[in-house]
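Okay, structure first, notes after.
The values are calculated or read from the model by the stated rules, or taken from the named source; none is laboratory data. Note that the coordinates shown come from a computational prediction; the quantities given were computed from them, not determined experimentally. A quick note on method: Cβ atoms are made from the backbone with ideal geometry, for glycine too, and the neighbour counts reach across all protein chains shown. Heads up: the accessible areas ignore ligands, DNA and RNA and are worked out on the full protein's heavy atoms, side chains in. Shrake-Rupley method; radii C 1.70, N 1.55, O 1.52, S 1.80 Å.
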Amino acid sequence: MVPEHGLDEGQDLNEQMLVRREKLQQLQVESRDPFQISKYERSATAEKAMELFLNQEAEAQTRGEELAHDAGPRVSLAGRIRTMRVMGKASFAHIMDESGQIQIYLKVNDLGEEKYQQFKDLDIGDIIGMEGVIFRTRRGEVTLAVEDFTLLSKALRPLPDKWHGLKDVELRYRQRYVDLIVNPEVRETFIKRSKAIQAIRNFLNQEGFLEVETPMLHPIAGGATARPFITHHNALDMDLYLRIAPELYLKKLVVGGFNKVYELGKNFRNEGTSTKHNPEYTALELYQAYADYHDMMRITEELVAYVAQEVTGSTKISFQGQELDLTPPWPRITMEDSLLKYAGIDFSQVKTAAEAVALARQHGVEVKEPISRGEVLALLFDEKVEEHLIQPVFITHHPVEVSPLAKRSLADPTVTDRFEPYINGWEIANGFSELNDPIDQRQRFEKQMEARARGDEEAHMMDEDFLMALEIGLPPTGGLGIGIDRLVMLLTDSPSIRDVLFFPHMRR
């Protein structure tokens, strides 16, 4: 009997690989090289085949009959061998395809001695195509009785032991292809990710937004405060930046008359990695003319609730044992008020940068000078408030100094009409009433350039073309950006961003 796992106890990996290569060489000598096969016609997946059988079985029971052993649906399937129980005259195996697993049953009387021996020579991990009839065994398992099979690909490297699987987290991320084979729950995470992205598109399309595409290579790194990746275009002999955000291009489209646009795509930021950060990540950005940050908050909470319902079946989800209620509406609280509520710090009494620095140090938060009053407020919020924001909440009215593209608040020109929604202590989005005053925008870019001159590599660059677009005229506009990876983490109960990226970046 062949063991149900890939590696025998104590058997050397190199020995197994050598044996598998010898088997391949023998196949090639016999003109049965699987790598010469280009195509295999399937009539169903494992899931569909079982569904066909269950429907026929139910119809027979409705007639008061029992479905005959050989009267089930005839199908052709293809998949990877996950287990094998090889016996003298009959054998069982499990085959896995994209829909799941199905048991197969092979008898020497059905296949003949030569073909049955060919099956016995197969290995865990081999990919085969097979034809036969679906039936139910005496133990009740829906099974394919194989009448013929074809080896489609020879696995020259064994899979990890079935019972232990691929448990090393670092190895799982580096060898995602193996992880997907041996850990079925991982497949479900990425299926949910795909459903989430499709749901986002459905929601926005229903809202009348147009999906667009803008450049990934930017002559100026703009649209956010972040350190970019730099590359060089040989033919043009110029440096270019992988985009940190599509914001400025999308707002140019609004200037051009596209009043409701969105883009789903990759952004790249040359920053550190963590459980919530990856150098490249998927983001949604959308812009709506004649709207403001209140409209963007409504879209945010409704979109997140819609996606949660589509992916999980509910607007109430569980993340690492904590129940989160995503049902709109979500509370709104200003950054200053949140600091007072969660840390007992009354920042409204702070009038100068010096007072702000003294207050921060009084509460154990170290700051580097020179720094503005608004920057200290944002720093105190990060250090003292974020961790308390478990249920969905909008933090509004961020300081002007940390919001170079947002419109000032009419009630208080030191802050902006900007918001960030937090869930589980994470910022999952950023939105605001867009700054459309080209004079104010130029002054803020100049402030950012001063920060760059002091060594801040994340500060915004001067963008004359964007300023020209604003001078042409940007209508009042609301904008929103959502980090898709963090949202998927919440919806799939995944504690690390690497769990929701097929191939996360890692050290060599």
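Accessible surface comparison of 394, 229, 502, probe 1.4 Å, protein chains only, largest first: the order is 502, 229, 394.
The base-10 log of I(q)/I(0) for the chain, evaluated at q = 0.09 Å⁻¹, reads -0.79 [Debye formula, identical scatterers on Cα atoms, solvent excluded]. Using a probe of 1.4 Å on the protein chains alone, the accessible area found for residue 133 is around 10 Å². Using a cut-off of 28 Å between Cα atoms, the listed pairs 252/368; 384/407; 316/407; 192/266; 351/407 include 252/368; 316/407 as exceeding that distance.
Working note: Karplus 6.51/-1.76/1.60 with θ = phi - 60° gives the range 314-328 the couplings 7, 8, 10, 10, 10, 10, 6, x, 9, 7, 10, 9, 8, 5, x Hz, where Gly and Pro are set to x. Inter-label distance, residue 147 to residue 51: 2.4 nm, where each label sits 7 Å from its Cα along the C-beta direction.
Would you be so kind as to identify which of 127, 208, 159 lies farthest towards the positive end of the dipole of the range 88-240, taking Lys and Arg as +1 and Asp and Glu as -1 on Cβ and the Cα centre as origin? The Cα lying farthest towards the positive end belongs to 159. When a 1.4 Å probe is rolled over the protein heavy atoms, the share of accessible surface on the chain that falls to carbon and sulfur comes to 49 percent. For the listed residue pairs 23/89; 23/154; 48/107, the alpha carbons are over 19 angstrom apart in 23/89; 48/107.
For the chain, the per residue solvent-accessible surface stands at 49 Å², with DNA, RNA and ligands left out and a 1.4 Å probe. Measuring between their Cα centroids, the range 428-498 and the range 96-129 lie 56 Å from each other.
Residue 227 sits with roughly 110 Å² accessible to a 1.4 Å probe, with DNA, RNA and ligands left out of the calculation.
Helical content alone sets the calculated 222 nm signal of the chain at -11000 deg cm²/dmol, taking -39,500 (n - 2.57) per DSSP H segment of four or more residues and averaging over every residue. Placing 503, 466 in order of accessible area, with the largest value first and a 1.4 Å probe, yields 503, 466. Ligands, DNA and RNA excluded, the heavy atoms of residue 316 present near 110 Å² of accessible surface to a 1.4 Å solvent probe. When the residues 449, 84, 96 are ordered by accessible surface, computed with a 1.4 Å probe over the protein chains alone, the sequence from largest down reads 449, 96, 84.
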